[in-house]
Amino acid sequence: MELILKYFRDISDKQKEQFSALYDLYADWNSKINVISRKDIENLYERHVLHSLAIAKILKFKPETSVVDVGTGGGFPGVPLAILFPDVRFHLVDSIGKKVRVATEVFKAIGLKNTTFRHCRMEDEKGKFDFVVSRAVMPLGDLVKLVRKNIAREQRNALPNGIICLKGGELEHEVLPYKNVATLYNISDFFEEEFFKTKKGVYVQI
């Protein structure tokens with residue numbers, strides 16, 4: 001939890017409570033339904049919560065922005081972002097029902113009201129959103145093709161509507177086809193921990 005406060009000092013007491021509750025909730029659910037690697041649960045705040053919040057360093061969503069989290073798994077990056085942006089509308093989608101259940105139960109437990117969930121493949125999601133977010137669910141080209149139909153036309157943020165995804169490793173070849181509309185971010189520019197040295201954020205305007 002100290003890690004969150006290190007980089008997001010101006011969060012409210014309610015947001016602190018919500019972030020603080022995540023460890024026990026995920027540890028409990030993870031013992032029933034494996035949504036996070038068993039050996040990784042101790043690193044929840046660094047490798048899952050803070051990593052998800054790197055998206056907030058790329059773009060601070062304005063109130064009433066709509067965001068869909070593709071392949072959310074147990075709720076990343078959607079859960080941490082929804083806590084940080086209570087006035088933004090999040091829609092979390094995953095094709096594995098038990099993972100959607102975990103994310104849903106976590107949201108209920110911490111009392112968030114700005115989120116909806118759907119157990120489906122993204123191909124079947126017809127809604128329109130300002131931004132798509134994801135954590136390494138598929139190659140960038142596949143993600144762009146998959147969600148192009150879901151990007152809304154109306155603009156309300158500092159960046160034009162599109163995709164913000166979190167990835168690791170060498171991404172130049174993935175980004176090359178989108179070089180005129182894509183920006184790569186080194187997450188190590190936002191967070192100093194060793195884990196983030198090879199982590200990237202990718203924004204693609206759609």
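The values are calculated or read from the model by the stated rules, or taken from the named source; none is laboratory data. Quick caveat, the model's predicted, so the values are computed rather than measured. Positions of Cβ are backbone-derived with ideal geometry, glycine not excepted, and every protein chain shown enters the neighbour counts.
A few points about this structure:
- Residue in the range 76-87 that is surrounded by the most Cβ atoms within 10 Å (Cβ to Cβ), counting only those that are part of a loop (DSSP other than H, G, I, E, B) and out of contact with any strand residue (DSSP E or B) (no Cβ under 7 Å at 6 or more places or on another chain): 85
- Strands (runs of 3 or more DSSP E) fully within the range 88-206 counting 2 or more residues that are at pLDDT below 95 and aliphatic (A, V, I, L, M): none
- Only one of 106, 68, 102 that is buried (at least 20 other Cβ atoms within 10 Å of the Cβ) and either within 21 Å of residue 165 (Cα to Cα) or basic (Lys, Arg) (or both): 68
- Only one of the listed residues (113, 108, 99, 126) is touching a Ser or Thr at 6+ places or on another chain (Cβ under 8 Å) and of a type in the set (D, E, K, R). That residue is 99.
- Pairing residues of the range 57-77 that are farther than 21 Å from residue 41 by Cα and in contact (Cβ under 8 Å) with a residue 40 or more places away in the chain with residues that are surrounded by 24 or more Cβ atoms within 10 Å (Cβ to Cβ) and among the acidic types (Asp, Glu), at Cβ distances under 6 Å and at least 6 apart in sequence or on separate chains, gives 65/130; 66/130.
- Answer from 50, 44, 81 - the residue that is without any contact (Cβ under 8 Å) to a residue 40 or more places away in the chain and either among the hydroxyl-bearing types (Ser, Thr, Tyr) or in contact with a Phe, Trp or Tyr (Cβ under 7 Å, 6 or more places away or on another chain) (or both): 44
- Sole exception among (1) under 23 Å from residue 13 (Cβ atoms); (2) in contact with a helix residue (DSSP H, G or I) (Cβ under 7 Å, 6 or more places away or on another chain) for residue 82, by number: (2)
- For the range 168-206, taking the residues that are within 21 Å of residue 129 (Cα to Cα) and not β-branched (Val, Ile, Thr), the one that is surrounded by the fewest Cβ atoms within 10 Å (Cβ to Cβ) is identified as 205.
- Just one of the numbered conditions (1) without any contact (Cβ under 8 Å) to a residue 40 or more places away in the chain; (2) surrounded by fewer than 21 Cβ atoms within 10 Å (Cβ to Cβ); (3) at negative phi is not true of residue 128: (1).
Yes/no matrix, rows are residues, columns are (1) out of contact with any Leu (no Cβ under 8 Å at 6 or more places or on another chain); (2) assigned to a loop (DSSP other than H, G, I, E, B); (3) buried (at least 17 other Cβ atoms within 10 Å of the Cβ); (4) not small (Gly, Ala, Ser):
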{"position": "5", "(1), (2), (3), (4)": "yes, no, no, yes"}
{"position": "10", "(1), (2), (3), (4)": "yes, yes, no, yes"}
{"position": "16", "(1), (2), (3), (4)": "no, no, no, yes"}
{"position": "22", "(1), (2), (3), (4)": "no, no, yes, yes"}
{"position": "26", "(1), (2), (3), (4)": "no, no, yes, yes"}
{"position": "32", "(1), (2), (3), (4)": "yes, yes, no, yes"}
{"position": "36", "(1), (2), (3), (4)": "no, yes, yes, yes"}
{"position": "39", "(1), (2), (3), (4)": "yes, no, no, yes"}
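- Subset of the range 53-74 (residues that are within 20 Å of residue 146 (Cβ to Cβ) and modelled with pLDDT of 95 or more): 55, 66, 67, 68, 69, 70, 71, 72
- Flag for residue 96 being without any contact (Cβ under 8 Å) to a residue 24 or more places away in the chain, β-branched (Val, Ile, Thr), surrounded by 15 or more Cβ atoms within 10 Å (Cβ to Cβ) and out of contact with any strand residue (DSSP E or B) (no Cβ under 6 Å at 6 or more places or on another chain): yes
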